[in-house]
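Visitor: My structure is below; once you've seen it, I'll send some questions.
Quick note: the coordinates plus some simple rules give every number you see, no bench work behind them. Here the structure is a predicted model, which is why all the values come from computation and not from measurement. Note that each Cβ is placed from the backbone with ideal geometry, even for glycine, and that neighbours are counted across all protein chains shown.
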Amino acid sequence: MACVIGIDIGTTSTIGILIRLPDQVLGLASRPVTLRSPQPAWAEEDPEQWWRNLCAITRELLATGRLAAGELAAVGVAGMTPAIVLLDEHGRILRPSIQQSDGRCARELEELRAEIDETEFVRVAGNGVNQQLIASKLRWIERHEPLVFRRIATVLGSYDYVNWRLTGERRVERNWALEAGLVDLRRHQIAEELVAYTHLPSAAIPAIVGSSEIIGRVSRKQAQESGLPEGLPVVGGAADLIASALAAGLVKSGDALLKFGGSIDVLVATDRIAPDRRMFLDYHLVPGLYVPNGCMSTGGSGLNWFADILASHEKPAAADRTLHQHLDRLAAQVAAGADGVAMVPYFLGEKTPIHDPLARGTITGLSLSHNVGHLWRALLEAYAYAIAHHVEVFRDMGHEVRACTASDGGSSSRLWMQIVSDALQQPIQLLDGHPGSCLGAAWTAAVGVGLTDDWSGIGCFVRRGDLIQPDGRNAAVYASGYRRFRETYRCLSAMSSEVTR
């Protein structure tokens, strides 16, 4: 059978996979990505680093796979949604990308809320007026970097940019456009009246493309850089969270996925559209399904930040392979509730479900008796409470969350997954061998070039692992901790607004 490559342009790393249909993984490769936050609430990356990573990864995968001529059939790219990359008329990058987790645009968001009837906007665009909208970020650039704004010729997403580098074709995948606030759900097309909120001409937003639609082929120049065959088909790609959800088996209404990447995503599959300003809405890769979802501003990136602070002070034991494992071991010695230490992990503001770019992280309950283990456990518990908040909102929206599956790098922490299970008082199904969004991107490419029409066939690549059962003895502790989590944000939100203005 033919082979395909999938690439995931992630917040903390670029990951690639080479698969041979129907069920063989021939290679995995990754390269780190640098997330920069030069000012509070900022989140930026270098799109050229994504491209360099892709070229290194594809060469490594092809060397590992040793494919016969013509065996590679297509490439698909997934990525962060809706990060923005700005190009001038010559295709030059105008500034670092502004990531989906960036929270700098509070003032611009307030202006949009004053201009827009949000009830009508949600009905038309499927999403609320929040910091995810690219209009707020583009207005920030207009105000603070007017020379850059005047030179904008094209706005692309993360994977759209990589696709353009591969093919020379400027397109935006439909989920990027939907989350960016540019799609009219009644027509499933970009609407000029929605683009107008960005203050850019409609020509700056390329035409949308379906995830499995072939948008072009690898050019001669980019074939030389990437090692991919010239003329290789490239499909529209996928939002990383949706690609990961497909690979995790999120294929029927009521299925839920907790995606523990650089950010934490909470997704539910459904066959009905019920837009709600508190959550985002995406198209599923499976025709006829939708994915209402929440995305936190941080997750793994918050844990990495905290671990980096401790790196020069805490040294892992020989049995621990990483600092994270060492910290997990320390935290496992602390009882549920972290002996009164509690955190709110809004380090870059927060997206769903509160949509507050001015929110900030907090630590409460500290005393001289606490140590690093308490702090790490409190941070893990804080993200568990944030997940519980999402589940509560989904149920309020009428989406029953019946079966929770956990995926991506953070799910490898058994302690964290047990904490999440205890906080939700629901089982958490772990996956064995789930490589993340890159697998969904690869399968999307396979469908796009006609190698398969079975979306569920991707399940051959991922096995179910352990089922984490909730510990009822911790239910009361975490129910109390969740109430405290919600109340802490409510009490401190006004103070955060004053500090960040």
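Visitor: Stokes-Einstein D for segment 33-136 at 10 °C, 1.306 mPa s, Kirkwood Rh over Cα pairs, in µm²/s?
Guide: Result for D is 94 µm²/s.
Visitor: Would you mind putting 122-128, 297-303 in packing order, based on average other-beta-carbon counts within 10 Å, highest first?
Guide: Order by mean packing, descending: 297-303, 122-128.
Visitor: To the nearest 500 deg cm²/dmol, what mean residue ellipticity at 222 nm is calculated for the chain from DSSP H runs of n ≥ 4 alone, each contributing -39,500 (n - 2.57), summed and divided by the residues?
Guide: -11500 deg cm²/dmol
Visitor: What number does segment 138-223 give for Rg over Rh if you use C-alpha atoms and the Kirkwood radius?
Guide: Ratio of gyration radius to Kirkwood radius for segment 138-223: 1.00.
Visitor: Let me ask something additional. Where does the charge balance sit around Ser253 when Lys and Arg score +1, Asp and Glu -1, over other residues with C-beta under 12 Å from its C-beta?
Guide: Neighbourhood net charge equals 0.
Visitor: Which parts of segment 331-356 would a label at Arg483 reach, counting a residue when its backbone N lies under 18 Å from a point 7 Å out along Cα-to-Cβ?
Guide: Zone members listed by number: 337-343.
Visitor: Among Val195, Val183, Val372, Val393, which comes first, second and so on when ranked by fewest other beta-carbon atoms within 10 Å?
Guide: Val372, Val393, Val195, Val183
Visitor: Follow-up question, since we're still on this one. Please report, in debye to the nearest 20, how large the charge dipole of the chain is about its Cα centre when each Lys and Arg carries +1 at its beta carbon and each Asp and Glu carries -1 there.
Guide: Approximately 500 debye in magnitude.
Visitor: Also, quick follow-up: Distance in nm between label sites at Asp471 and Gln39, each 7 Å beyond Cα in the beta-carbon direction?
Guide: Between Asp471 and Gln39, the label points sit 4.5 nm apart.
Visitor: Which percentage, to the nearest 5, of the DSSP beta bridges contained in segment 344-501 is antiparallel?
Guide: Percent antiparallel among DSSP bridges in segment 344-501 is about 60.
Visitor: May I ask which residue of Pro345, Leu182, His389 lies farthest towards the positive end of the charge dipole of the chain, with charges of +1 (Lys, Arg) and -1 (Asp, Glu) on Cβ and the Cα centre as origin?
Guide: Pro345
Visitor: Where the eigenvalues come from the Cα gyration tensor of the chain, what are the semi-axes √(5λ) of the equivalent ellipsoid, largest first, in whole Å?
Guide: After diagonalising the Cα gyration tensor, the semi-axes are 33, 28, 22 Å.
Visitor: Same structure, new question: Go through segment 229-238 residue by residue and turn each phi into a ³J(HN,Hα) via Karplus (6.51, -1.76, 1.60, θ = phi - 60°); whole Hz please, and just put x for glycine and proline.
Guide: Once rounded to whole Hz, the list reads x, 4, x, 5, x, 10, 9, x, x, 7.
Visitor: Something else about it: Short version: ³J(HN,Hα) in whole Hz for each residue of segment 5-21, in order, from phi by Karplus 6.51 cos²θ - 1.76 cosθ + 1.60 (θ = phi - 60°), x for Gly and Pro, what are they?
Guide: 10, x, 10, 10, 8, x, 5, 10, 7, 9, 10, x, 9, 10, 10, 10, 5
Visitor: Determine the dipole magnitude for segment 221-362: charges of +1 sit on the beta-carbon of Lys and Arg, -1 on that of Asp and Glu, nothing else is charged, the reference point is the Cα centre, and the result goes in debye to the nearest 20.
Guide: 120
Visitor: With a cut-off of 12 Å, note down the residues of segment 431-452 whose backbone N falls inside the zone around a label point 7 Å from the Cα of Val25 toward its beta carbon.
Guide: Under 12 Å, as judged by backbone N against the label point of Val25, lie 431-440 of segment 431-452.
Visitor: So for the chain: antiparallel DSSP bridges make up what percent, rounded to the nearest 5?
Guide: Around 70 percent antiparallel, to the nearest 5.
Visitor: Using a 7 Å offset from the Cα along the Cα-to-Cβ direction at both Ile309 and Ala494, what is the distance between the two label points in nm, to one decimal?
Guide: Rounded to a tenth, the inter-label distance reads 2.6 nm.
Visitor: Now for a separate question. Using the Kirkwood radius over C-alpha pairs as Rh, can you work out the diffusion coefficient of segment 433-501 via Stokes-Einstein at 20 °C, viscosity 1.002 mPa s, in µm² per second?
Guide: Using the Kirkwood radius from Cα pairs, D works out to 126 µm²/s.
Visitor: Taking the chain, how many lysine pairs are there with alpha carbons less than 26 Å apart, if each pair must be eight or more places apart or span two chains?
Guide: So the count works out to 4.
Visitor: Only Lys, Arg, Asp and Glu count, each charged at its Cβ (+1, +1, -1, -1), so figure out the dipole size of segment 139-261 about its Cα centre, rounded to 20 debye.
Guide: With Lys and Arg at +1 and Asp and Glu at -1, about 180 debye.
Visitor: In sequence order, what are the phi-derived ³J(HN,Hα) couplings for segment 190-203 according to the Karplus relation 6.51 cos²θ - 1.76 cosθ + 1.60 with θ = phi - 60°, rounded to whole Hz, with x for glycine and proline?
Guide: 5, 10, 4, 5, 7, 4, 4, 5, 7, 6, 9, x, 4, 5
Visitor: Quick query: amide H of Ile98 versus all other amide H atoms, modeled in the peptide plane; which residues come in under 5 Å with a sequence gap of 5 or more or a different chain?
Guide: Long-range HN contacts for Ile98: Ile84.
Visitor: Quick one: if you take sqrt(5λ) for each eigenvalue of the C-alpha gyration tensor of segment 357-448, what semi-axes come out, biggest first, whole angstrom?
Guide: 30, 18, 14
Visitor: Would you kindly give the portion of the calculated P(r) for segment 20-78 that falls above 15 Å, as a percent of all Cα pairs?
Guide: 62
Visitor: I've got another one for you. Tell me the relative contact order for the chain as a rounded percent, counting alpha carbon contacts under 8 Å between residues six or more apart.
Guide: Relative contact order for the chain comes out at 17 percent.
Visitor: Quick query: amide H of Val77 versus all other amide H atoms, modeled in the peptide plane; which residues come in under 5 Å with a sequence gap of 5 or more or a different chain?
Guide: Ile7, Val235, Gly237, Ala238
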